[in-house]
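A.B. asks: Structure provided below as structure tokens; questions to follow.
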Amino acid sequence: MPRINLLAHHGVVEPYTLRGSRSWDAPAKPAFNRVAFSAAHVVADARSAADPWVEAAVDWDATLRYREHLLSLGLGVAEAMDTAQRGMGLDWPTALGLIEKTVAMARGKPGALVASGVGTDQLPPRPGLTTADVIAAYEEQAEAVEAVGGRIILMASRALAASARSPEDYEHVYGAILGSVREPVILHWLGPMFDPALAGYWGHDDLDAAMDVCLRVIAAHAAKVDGIKISLLDKEKEIAMRRRLPEGVKMYTGDDFHYPELIEGDDLGYSHALLGIFDAIAPAASAALQALGAGDEAEYRRILAPTVPLSRHVFAAPTRFYKSGVVFLAWLNGWQDHFVMVGGQQSARSARHYCELFRLADAAGLLDDPDRAVARMRALLTVQGIDA
């Protein structure tokens, strides 16, 4: 196996011999007993003259090629979400172009699932922002997604968090949007660890009180809610909420720390999946879900167990920088020919972080071509002044 010098935890360069080997195969014809979406990343156009801090330049061919890969593994695509750097480099006009292209691409693929993020990110922060402004922004995006035949994920809104003065404001805004959409949507509750601007969402800092408000919204509009994705990194909160959902409303886990057990579930139910980490571990996720669907829970756990330390590292605080790790793995595995991100976000993590990520991906059997991965890792470390 190839060797490389990597930074250790104490900052000293140490030799590392790759050891990971894939002991599972992604299914040729996936069949799952859970709905599973992968939130998908975007590939930047590294040759664009656009300033990455100012303008989003996307490599559309590479971006869509990765979505085709996810769909081929039986995973749905959650489009233009946080993993696509929504609000961290990807603006609404570019997000809409991405949604249009992905929906059109998936239309000719039987069984392909695509759901797209609808938010309020076209609203610039400003004094005097009102809930009426938030409703209008949500409606603008919802109408645009529905016009291209897209399914909606109703994302949490920074503008709503800034303008709402009470839980009733949240109930009013969500009631207005859910009353106007054509088809049931997936709600999205993103915790402040993913976006500090969403602190106090649903009108409460206390998560139990916030959950009560969210459940009231769902109960009042259950016919328009397919399910809810929560990303709180708290499995007990997710399980408690899952057990309180109205019949027919799904829980989609967004917990990138505890996803294996939440998806497997217990005697009282289970969660479906809408996860950013599924972008990075897509072949393993597909193989594990295939095993779960076939009733082989032991194989499901065996495949996913080594992906959890990887995921916990990718989503380590500051959690909002997890996108850098997702794109890093796509680059190592040859899905893009560079490690340049929209918004220049490749700089959000340290060389030491990427070295540990490399080790954990190897341990999970997620480096498709070890020689290529080593060559690319060496190139990255050379730029950082490290002799790999």
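The values are calculated or read from the model by the stated rules, or taken from the named source; none is laboratory data. Note that the coordinates shown come from a computational prediction; the quantities given were computed from them, not determined experimentally. Note that we place each Cβ from the backbone using ideal geometry, even for glycine, and neighbour counts take in every protein chain shown. In case anyone asks, the SASA skips ligands and DNA or RNA and just uses the protein heavy atoms, side chains included. Shrake-Rupley method; radii C 1.70, N 1.55, O 1.52, S 1.80 Å.
A.B. asks: Report those strands (runs of 3 or more DSSP E) wholly inside region 166-257 carrying at least 1 residues which are among the aromatic types (Phe, Trp, Tyr).
C.D. replies: Values: elements: 185-190, 225-231, 250-253.
Because the criterion is at least 1 residues that are among the aromatic types (Phe, Trp, Tyr), the strands (runs of 3 or more DSSP E) in region 166-257 that meet it are 185-190, 250-253.
A.B. asks: When residues of region 81-105 are filtered for being in a helix (DSSP H, G or I) and farther than 20 Å from Gly149 by Cβ, how many remain?
C.D. replies: Summing the residues that are in a helix (DSSP H, G or I) and farther than 20 Å from Gly149 by Cβ in region 81-105 gives 2.
A.B. asks: Give me a count of the residues in region 226-249 that are open to solvent by 10 Å² or more (accessible area, probe 1.4 Å), closer than 20 Å to Val181 by Cβ and in contact with a helix residue (DSSP H, G or I) (Cβ under 9 Å, 6 or more places away or on another chain).
C.D. replies: Matching residues across region 226-249 total 4.
A.B. asks: Further question: Can you name the residue in region 166-179 that is within 26 Å of the chain's Cα centre (by Cα) and open to solvent by 10 Å² or more (accessible area, probe 1.4 Å) and, of all such residues, is farthest from Ala209 (Cα to Cα)?
C.D. replies: First, pick out the residues of region 166-179 that are within 26 Å of the chain's Cα centre (by Cα): 170-171, 173-175, 177-178.
Cutting the leftovers down to open to solvent by 10 Å² or more (accessible area, probe 1.4 Å) gives us 171, 175.
Details: Glu171: 14, Gly175: 19 Å.
Among those that are within 26 Å of the chain's Cα centre (by Cα) and open to solvent by 10 Å² or more (accessible area, probe 1.4 Å), it is Gly175.
A.B. asks: Name the residues in region 305-314 that are of a type in the set (A, V, I, L, M, F, W, C) and surrounded by fewer than 23 Cβ atoms within 10 Å (Cβ to Cβ), would you? First the steps, then the outcome.
C.D. replies: Step one: filter region 305-314 for residues of a type in the set (A, V, I, L, M, F, W, C), giving 305, 308, 310, 314.
Correct list: Ala305, Val308.
A.B. asks: Only one of Ser116, Ser163, Ser72 is open to solvent by 60 Å² or more (accessible area, probe 1.4 Å) and either of a type outside the set (Phe, Trp, Tyr) or farther than 21 Å from Gly343 by Cβ (or both). Can you tell me which? Lay out the reasoning, then the answer.
C.D. replies: On the way: Ser116 fails: open to solvent by 60 Å² or more (accessible area, probe 1.4 Å); Ser163 fails: open to solvent by 60 Å² or more (accessible area, probe 1.4 Å).
Residue meeting the stated conditions: Ser72.
A.B. asks: If you take the residues of region 212-225 that are buried (at least 20 other Cβ atoms within 10 Å of the Cβ) and not β-branched (Val, Ile, Thr), which of them is farthest from Ser38 (Cα to Cα)?
C.D. replies: Checked region 212-225; the qualifying residue farthest from Ser38 (Cα to Cα) is His221.
A.B. asks: Looking only at helices (runs of 4 or more DSSP H) that lie completely in region 298-388, which have at least 1 residues being without any contact (Cβ under 8 Å) to a residue 24 or more places away in the chain? Can you show your working first?
C.D. replies: On the way: elements: 307-314, 322-332, 351-363, 370-383.
Once the helices (runs of 4 or more DSSP H) in region 298-388 are filtered for at least 1 residues that are without any contact (Cβ under 8 Å) to a residue 24 or more places away in the chain, what remains is 370-383.
A.B. asks: Can I ask one more? Pick from region 315-326 the residues that are under 15 Å from Thr83 (Cβ atoms) and small (Gly, Ala, Ser): which of them is surrounded by the fewest Cβ atoms within 10 Å (Cβ to Cβ)? Spell out how you get there, then give the answer.
C.D. replies: Here is the first cut: in region 315-326, the residues under 15 Å from Thr83 (Cβ atoms) are 315, 319-326.
From what's left, small (Gly, Ala, Ser): 324-325.
Values: Ser324: 21, Gly325: 26.
It comes out as Ser324.
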